[in-house]
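The values are calculated or read from the model by the stated rules, or taken from the named source; none is laboratory data. Given the structure is predicted, the values throughout are model-derived calculations rather than measurements. For neighbour counting, all protein chains shown are included, and Cβ atoms are generated from backbone atoms with ideal geometry for every residue, glycine included.
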Amino acid sequence: MCVRHIAVIDIGKTNAKVGVVDAIHGAEIDIATQPNTVLAEPPYPHYDLQGLWSFIVDALARHNGNYGIDAISIATHGASIVLLDRDGNLAVPMLDYEFAGPDDLSAGYDAIRPDFQETGSPRLPLGLNVGAQIYWQLDRDADLLDRIASVVTYPQYWSYKLTGAKNTEMTSLGAHTDLWNPQDRRFSSLVRRLGLADKMAPAQIAARCTHLLRPDIAALTGLRAGIPVASGIHDSNASLYPYLLALKGAFSVVSTGTWVISFAVGGRGKDLSPERDTLLNVNAFGDPVPSARFMGGREFDLVMKEGARHASEEDVSRVLAHPIQLYPAVDPLSGPFQGARAGWSVDESALTDGERYAAASFYLALVTSRCLELIGAEGPTIVEGPFARNDLFMKMLEAATARIAAGSDVSTTGTGLGAALLVSDTLKNPVEPVDRTGVVTADPAYTAYARSWFHKVGTSRA
């Protein structure tokens, strides 16, 4: 069957979307959206899964009427899991991972959770570790363990609703759940300790798991029965998937926004530690991917305040020559310099907006380069998101890493196209090959600036 129009269900933390991807033109051509509502009512803050299901059914019906849908794919936010009873209904509402309740039982949970070497998963607050959510739910509901018949990861809840197939999936299990051992590709020891060893749905690989649409859902939406439905994928890994298909050898992808997240495909992961905000993710093929993160976008906003976000050549020259440097960590709660105290090499109050912009851009590039070093990055670095359009960031990143850095616009199409690639062999991949033959010829002033910055950080602030 020719797959022309692919419906992509994309459930983000803030908004839910159902888009249509045209496989021939490689573009998202229509989208329906609504807020992803958290219900602040008993038994605890939880997602409105029934409201989302009604939205998904309506959007699929409308898109099918307008285009004719040939396949469906699914991506969702991480840190979420669904507990099903024997009838396939919710055993308990799906807890909002920003709810602080699990913190009340931190000591008990910490006593049973596996160590970082087993899971590659850092200890996080609230419900950001799925294991902590389940531990808290089981503690407060004495009958819950008996009611649970199946545990599915969040994208796979929606594929279960569409196809009847119950799965867990490795990219979602690998998103700091504490439930997965990425190196051995199996559930972690925590699953047994929680009493869930015989309740976890089979773990699948996103790139190799497709089911067929149920006849009753086809009748409900007007879609053809039996069209392919991808089991689903964690949204960050949907964005990474096009690169895995298009690029060969070792490379890194740096996704920028509020969070700056670096993935080292083929990376050595030599210095992973939760204290430096480095961890193991799992990609669409089930392979562990050394990763690092810091709140770069938020740091940039804190530094720039209301200042103009551009710099003249004269501003840049002054910053490089003086040098005017910002040291980590603007946000001391994240990144490779956690706990360090930010500071300037000069009197901050004397800076022009242009100098501040240049120094902040260099700071972000240098912290990113440290992240890449910690995860053993090799080969070219592809930067997507807003920082890819910051020439100062890109030049300093290349100078600091001594490797090719290339910008990408894939994030503008992002999760939807990555998820659509799971069900289409004909969809045009938006990722262009990266020239690996080029030699990095960084400006000596940039190289000297980077060397000076790392010397200052390494001797007095790290």
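Yes or no: Asp271 surrounded by fewer than 24 Cβ atoms within 10 Å (Cβ to Cβ), touching a Gly at 6+ places or on another chain (Cβ under 7 Å) and charged (D, E, K, R)? Steps first, please.
Numbers: surrounded by fewer than 24 Cβ atoms within 10 Å (Cβ to Cβ): yes; touching a Gly at 6+ places or on another chain (Cβ under 7 Å): no; charged (D, E, K, R): yes.
Criteria not met by Asp271.
Please specify each residue of segment 110-127 satisfying the condition of being part of a loop (DSSP other than H, G, I, E, B) and crowded, with 20+ Cβ neighbours inside 10 Å. Hits for segment 110-127 are Arg113, Gly120, Ser121, Pro122, Gly127.
How about segment 255-278: which of its residues are hydroxyl-bearing (Ser, Thr, Tyr) and modelled with pLDDT of 85 or more? Even if it seems obvious, please write down each step before you answer.
Looking only at segment 255-278, we keep the residues that are hydroxyl-bearing (Ser, Thr, Tyr), and these are 255-256, 258, 262, 273, 278.
Answer for segment 255-278, where residues must be hydroxyl-bearing (Ser, Thr, Tyr) and modelled with pLDDT of 85 or more: Ser255, Thr256, Ser262, Ser273, Thr278.
When you scan segment 338-351, do you find a residue that is touching a residue at least 24 places away in the same chain (Cβ under 8 Å) and either crowded, with 24+ Cβ neighbours inside 10 Å or part of a helix (DSSP H, G or I) (or both), even just one? Looking through segment 338-351, none of the residues is touching a residue at least 24 places away in the same chain (Cβ under 8 Å) and either crowded, with 24+ Cβ neighbours inside 10 Å or part of a helix (DSSP H, G or I) (or both). For the residues Ser411, Ser361, Ser424, the requirement of being modelled with pLDDT of 95 or more, within 30 Å of His77 (Cα to Cα) and assigned by TED's automatic domain parsing to the domain that holds Val260 singles out Ser361. Listed here are the helices (runs of 4 or more DSSP H) enclosed by segment 148-264 that have at least 3 residues being out of contact with any Cys (no Cβ under 9 Å at 6 or more places or on another chain) and small (Gly, Ala, Ser): 235-246.
In the list Leu105, Leu60, which residue meets the criterion of being part of a helix (DSSP H, G or I), under 30 Å from Val423 (Cα atoms), hydrophobic (A, V, I, L, M, F, W, C) and more than 25 Å from the chain's Cα centre (by Cα)? Matching residue, one of Leu105, Leu60: Leu60. Scanning segment 380-408 for residues that are within 24 Å of Thr76 (Cβ to Cβ) and at pLDDT 95 or above returns no hits. The set of residues in segment 366-400 that are of a type outside the set (A, V, I, L, M, F, W, C) and closer than 24 Å to Arg356 by Cβ comprises Thr368, Ser369, Arg370, Gly385, Pro386, Arg389, Asn390, Asp391, Lys395, Glu398. Evaluating Thr163 against the criteria (1) more than 20 Å from the chain's Cα centre (by Cα); (2) under 13 Å from Pro114 (Cβ atoms) leaves one unmet condition, (2).
Look through segment 162-180, keep the residues that are of a type in the set (Ser, Thr, Tyr) and under 27 Å from Ile261 (Cα atoms), and return whichever of them is surrounded by the most Cβ atoms within 10 Å (Cβ to Cβ). Filtering segment 162-180 for residues that are of a type in the set (Ser, Thr, Tyr) and under 27 Å from Ile261 (Cα atoms), the one surrounded by the most Cβ atoms within 10 Å (Cβ to Cβ) comes out as Ser172. Scanning segment 22-37 for residues that are small (Gly, Ala, Ser), at pLDDT 90 or above and assigned to a strand (DSSP E or B) yields a count of 1.
Regarding Ala284, is this residue within 18 Å of the chain's Cα centre (by Cα) and more than 19 Å from Trp259 (Cα to Cα)?
Details: within 18 Å of the chain's Cα centre (by Cα): yes; more than 19 Å from Trp259 (Cα to Cα): yes.
Answer is yes for this residue.
Here is a yes/no grid of residues against (1) more than 23 Å from Val18 (Cα to Cα); (2) surrounded by 20 or more Cβ atoms within 10 Å (Cβ to Cβ); (3) modelled with pLDDT of 95 or more:
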| site | (1), (2), (3) |
| --- | --- |
| Gln133 | yes, yes, yes |
| Arg147 | yes, no, yes |
| Tyr160 | no, yes, yes |
| Arg193 | yes, no, yes |
| Lys199 | yes, no, yes |
| Leu220 | no, no, yes |
